[in-house]
Structures are given as C-alpha cells and as structure tokens.
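Following: one structure in structure tokens, then a few remarks.
Bear in mind these aren't lab numbers, they're just calculated from the coordinates by the rules spelled out. These numbers were taken from a predicted model, which means no experiment stands behind them. Glycine gets a Cβ as well: all are built from the backbone with ideal geometry, and neighbour counts include every protein chain shown.
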Amino acid sequence: MNKTECPLREDQGFPEICLTPSLKPVFLAGHKDDSHILLSILDEQGKIEHLSPAWEKLLGTSPSEFCGTFFSGLAANPEDIAEMLSAADANGVAQKETDLLIKGESVAFSHYLIQATGCDKDRQGYLCITGKKSTWDEYDEDFVRIDRLAEMGRISAAIVHELKNPLSVISQAAGWGKTVLRDASGLDQNDREELTNVLQEVEKQTHRSWSIIQQILDLVRESKPDKKEFSLKELLNTTLEYLSSEIKTPEIRVVPSFPANEITIRSDYTLLQQVLMNLLSNAVHAIKEANQTDGRIDVVLENLPTKIRIQIIDNGPGIPEHQQDKIFDLFYTTKPKGKGTGLGLAVSNRVAKRLGGSIQFESTPGQGTAFYLLLPRDPERQT
Amino acid sequence: MKDSSEIRVLLVDDEQTLLKFLSKRLLRDGFTVKITFCGEEAVQAASDRIYDVAVVDINMPGIDGLETLKMLTEIQPDMQCVILTGLQNPEDLPQGTEKNAYRLMFKPVDFESLTQTIREAHRHKLKLQKEKNPREGSHAQDTSKDSRIKRIFSKMQKLYGIPDE
C-alpha cells in the first residue's frame, strides 16, 4: 500500500477504506445527493458494507437494510457475482454484465469491481461501480443510428453525384434536339411547336433536377463557410427584392422593421441568403396556398444583447400541431407532389447551425407562423 | 458562326454519350472537334494534330484529368485547357488543377457559356502566340518540317473531307 492512496474515514460516513487518487473523486461524486452512480463497498467475502445514495432510489428502501447481506443476494444469478469476486482477486479488477433483481424484476446491469484495502491493511474488500445496462445500450443504439445516418449521407451524396452524368447528357441531347428542329425543313408548324415545347420541358425539368442535386450536395458538403463582414439590412433588402415577383399575385404585404442603426455581421453571405430565401419563400407559399388576399409578412431585424434575431412572421394558415415536430426532417414536405423537395428547412436548419446560429419557430394554426433566425453576434463588435 | 470556324477543340470525357451530343452541337456551331474518351486517347490525338482548346473532364479511368492536362500542355504548350468537371467545388479538385487550366467549369454547363469560354481560350492562345512571336500567325510555335506537313495534311483533310481516323 503506498502513500498516494486516499483513505476514507468512518467519521465522514464512509466505511474505512483506501482508494487510489483517481478513484476517490468518483467515489465522492457518487455520494452527492443527485448522483446516479451506483457505488458499493463489499468486504472480502462479498458482503455489502456500504451502498451509495443512488441505490436507495433504485431499491426503494434504505440501503442500510442491505448492509451485512451478500451482494450476490441482489443478483439474479448469484454465481456471476462470485465469479466476478474471484476474478478481482486474481487481477485486481473485474467486469461483469449480470442482472440484478430490482423490486422483483430482473434488470440488466454492468458491474466494475475493484479490489480495495482497509487503511490499516487488516481487511480486504472491494469497490463496485454498477451501471444500468440499458443506459449503455441506448447510447450504443444512438451511436449506431448516427453512424448509419452518416453512412447513408455519404452514400446518397455519391448516388446523387452520379446522377449528374445522365442529367448532363439529357440536357445536351435536348439542346441538340432543338438545333435539329430549328434546321429541319418540311415540318408541319404544329408538329414543330409541339416538339419545341417537349424539348423545352425536358430542359426545364433537367434544371429542376439539377437544383435538387445541388441542394442535397450543399447539405452534405462539409467545407467551411466563407466568412466576411456585411450589412444585414442590405442582405435582407436584396433578398426581399428577389421575392418581389412572387409576392405580386396575390399581393402580399411585406413589412420590414429594421433598427435605425447599421447591423453588421461576420458570416457567410451566400449561405445566410439561402436560409433567408427559404424562410421567406416558405412564408409566401403558406399564404398563397391558403389563397389569402390579406397576406402579410413581417420581417423584423433586432439586435439582442448577445445575438442578432431575424423574425419572419406570416399571417398564413399556420402549421398543424401534428406536423410541427417534423418540419426540420429531411424530405418532409407538405407541398403538393412535385412542388416541394422537403429539403428547404432541413438544409436551412443545418446551415444556420453551421453559422453558429439556430432556427426556432412558433405557429398557431389559423393565425400564422413566426420563424426566428438567431445568429451569433461578433463579441468584439457592438454596433 | 464565323469566329469558330478555325477553332480546333479536343474533347476528353469518359461519358461517351455526353461527348456525342456536345460534339454535334459544337460542330453545328462551326468548331472543328475531336472527341476522345480517355486521357491516353487525348494525348495520342494531341501528338498527331494541333488543337487550340482542350475541354477536359477530371475524374476519368486511366490517366486522370490533371495528368492529362499536364501532358497535353507539354506536347502543345500553347493549347488552352478548360476543365469541365462534375465535382462540386473548386476545393474538391486535385491540387494544381486551377493553376494548369485556362478556366474551371462545373457541370451542368450551359452550352452557350461553354462555347463562349472556348472562344475566349482561343483568343487567349492567339494573344500568347503573338507575344511570343509577333510575326508569325497562329501556328507559330510549330515550325518543324514534320508538323508543317501535318498541318498541310490536316487542311487537306478538312477541305476534302478525309475522315479523321
């Protein structure tokens, strides 16, 4: 036994035991009131000397009731505990996954057993750290799921990328078709028009496919944003101009509300514009779909103490409650078939996060929806 | 299209159908076009004949686009290379691509901007040649007897419609 080992004393309410410096903090942390760590100290025979407070919550009775009883008495398979004790005797430590009987039910746990010594070397004992197995399994499942999603992302990016080749061919073929059609003689005027329309439609749909591909690839793209400083008022005004044709029929009133002073931000201009375009066109579509004649979109730019907030508030039909938790999901769309890609908000949400911000929303069916884009403010610049 | 009649374009892409349509459209616009489906073929073509502009894909089996680019400009230092890639961003390209190319273009390419870029690249080539050799014309770098004969032959080929291969 060397001097670096830390004794715990009975007058602190702990059994007298020596722990290594790295274990002592774990032990003490396990004795805070709100701790979930299940700690126990066993004597050399495997009888319980001490249980940490978390055991009380788990067992539903005072831990002192179990003192002096065998730890294996808690186990569904007492032999597993005996096996673990002898493994700890041989190696100093042991690990075992075995069920405990909790209120009559068998629950899966993982146990880590560490040999410990009494301070005056007269006794041998063990420290046991117990963890609920399902907690680990849940973590594991999460990791598997995240990993699978990441893998799916990579695969779909590759597939989507491959689509570029056939699409390139289609668009060049359509272009060539149009040239041939222009040169062709002896074609009936109606046929010529019909064929021209067909080829134009091919080109149009090819373009649409390109934009879907572009959005998906933007989504999985991992390059860093290109940050520079710019005025948010200017960005908002330019973005609103892009939408001017969309808000003419039916007329939607766009009410900007910007503070008098300039608000600048260091961020990626293009990415931020992409997010704003998406939020604004969602608002426009919401109003249009409801065939409203009193459509109104408020665009509010605010400088909050630590953040910049851009609110985009529409008085459209709102998002039904059962859809609210899905709107950021990939490929989730409420637009009619062929209209929405289900990418807009999913991508915007990702982009906002990448820019250090976030998107939040509130929606009341029948009254409208408010989207909030929160962006980090450059801490050194207080304009 | 008067100004494209003398522009010789070498297309390199493993997507054969794409080149089929692209070359038809370029020919229709008056360019002289040679299509090759891999780097090796392109290099072979460049050692047989002078080209003004090469349009090169990056991801190809065999010699990749960047290597092809380097070999082409080694054979014909004045040839201008336009990269036409399906990759998404400039940073996805192998290092040195930008330095070796006249311009980077990303698929999907708009046909009109492609032809415009080819014409610009051609003008750039003429300018370079004039700077290097103010008296001579567009084939100034190519003065060996052998290539003169080749040049005459290629003109005859064009005039009399002798097939390329």
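Observations, loosely collected:
- Integer Hz, Karplus 6.51/-1.76/1.60 couplings in order for the range A:98-112, x for Gly and Pro: 8, 6, 10, 8, 10, 6, x, 10, 8, 10, 6, 9, 10, 10, 10
- 3J(HN,Hα) along the range B:115-126, derived from phi through the Karplus expression 6.51 cos²θ - 1.76 cosθ + 1.60 where θ = phi - 60°, amounts to 5, 5, 4, 4, 5, 4, 4, 5, 4, 4, 4, 4 Hz, with x in place of Gly and Pro.
- Karplus-derived 3J(HN,Hα), 6.51/-1.76/1.60, for each residue of the range B:51-64, Hz, glycine and proline x: 10, 8, 9, 10, 10, 10, 7, 8, 7, 9, x, x, 5, 7
- Cα shape, the range B:4-132, gyration tensor, a/c 1.5 rule: rounded
- Amide H to amide H, with H built 1.01 Å from N, B:C38 comes under 5 Å of B:D13, counting only residues 5 or more places away or on other chains.
- Theoretical gain in end-to-end length, A:K227 to A:R182 [0.36 nm per residue, Cα-Cα removed]: 11.5 nm
- Summed residue charge, Cβ within 10 Å of A:K228's Cβ, Lys/Arg positive, Asp/Glu negative: -1
- Cross-link check: pairs A:K103/A:K326; B:K24/B:K125; A:K178/A:K248; A:K204/B:K125; A:K164/A:K233 evaluated at a Cα-Cα cut-off of 30 Å; pairs beyond the cut-off: A:K103/A:K326; A:K178/A:K248; A:K204/B:K125; A:K164/A:K233.
- Local electrostatic count at A:Y112 - Lys and Arg +1, Asp and Glu -1, tallied over other residues with Cβ under 11 Å: 0
- Less than 5 angstrom separates the built amide H of A:I17 from those of A:L8, A:C119, all sequence-distant by 5 or more or on a different chain.
- Residue mean of other protein chain beta carbons inside 10 Å, A:162-172: 6
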